[in-house]
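A quick write-up on the structure given underneath.
Values in this text are rule-based calculations from the coordinates and carry no lab data. Remember, predicted model here, so these are calculated numbers, not experimental data. Here the Cβ positions follow ideal geometry from the backbone for every residue, glycine too, while neighbour counts run over all protein chains shown.
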Amino acid sequence: FEPITLGIAIGTASVLTGYLSYTELFCRFAECCREEQPLNASGTAAGTGERLFGQHLATEVLLKALTGFRNNKNPKKALTLSLHGWAGTGKNFVSQIVAENLHRKGLKSNFVHLFVSTLHFPHEQHVKLYQARHSRWIRNVSACANSVFIFDEMDKLHPGLIDAIKPFLDYYEQIDGVSYRKAIFIFLSNAGGDLITKTALDFWRAGRREDIQLKDLEPVLSVGVFNNKHSGLWHSGLIERNLIDYFVPFLPLEYRHVKMCVRAEMKARGSAVDEDIVTKVAEEMTFFPKDEKIYSDKGCKTVQTRLDFH
Ligand SMILES: Nc1ncnc2c1ncn2[C@@H]1O[C@H](COP(=O)(O)OP(=O)(O)OP(=O)(O)O)[C@@H](O)[C@H]1O
């Protein structure tokens, strides 16, 4: 639809119905930024609870953080979440679920912005240029206070680059007349995955996997990531100034979780769940440590392609 035709159509429809306001009706057809738009909490809870496997910690933290933030009419700063974990454990997947429950069109929304380090900031020698571009992008998209910014592959980001966005995450009321306090920043990273695995393994060996709590991992993560040259947050002002609200750990996935991913993928494809195939696909994955073979080294990442062979 081009805007004038859409406007006339909506105007006519709203006169005819005499019920919905022009704005309400307009926003059913086109995407609108609604400052007060609440998080679809039940959608997020259902999405993470039913579709995200083996991540009881991440689920709990994300739900608490997001509902608390969205229910606060007057946040003092943007919400900043740093998601850490091994490959294929669900960081991108959950970001997608969160985005969909904040903005109807999810990652396709005009108010959800995904930056991928190796795609958007590939060359080390251009760090200065990227810093300027980085902050320009964030300013340009200030059209919606509720915007969501996702930075993928943080561990491949050049050290120092992320500090260019520090002012937007800080406690300032406004920057050049724009408030960023209702925005959500999500960083995704493999950094800290080894620390999470080590702690998870200790709990697993003690037969207490589900007993791991955030307090067992969060401090290890923030210090580990700050001191890791390849974390994207190495000696970052964001950590120094406590601007990251939550470090969210993603646990390594076990054999039973990989099976759950296979079943979910079969259902998503509209096929009946065939347990023989589920077992075959899960057994094709590789597991570590060498002796115990507990965790899938690619999480659920190659499940979809492997399923194509069966
Ligand atoms: N915990 C999980 N529960 C359900 N599905 C999962 C989970 N982890 C991964 N998957 C499935 O595997 C796919 C790949 O996972 P995803 O891209 O989220 O991994 P990631 O943690 O972001 O990995 P990377 O660090 O390599 O980017 C997802 O699209 C999803 O289908």
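Both radii come from the Cα set of the stretch 242-310: Rg as radius of gyration, Rh as Kirkwood radius; their ratio Rg/Rh reads 1.10. According to the Cα-based calculation, Rg over Rh for the stretch 190-310 is 1.07, with Rh computed by the Kirkwood formula.
Taking the fewest neighbouring Cβ atoms within 10 Å as the starting point, the ordered list for H158, H230, H257 is H230, H158, H257. Of the cross-linked pairs K259/K293; K64/K182; K108/K259; K76/K166, those separated by over 26 Å at the C-alpha level are K108/K259.
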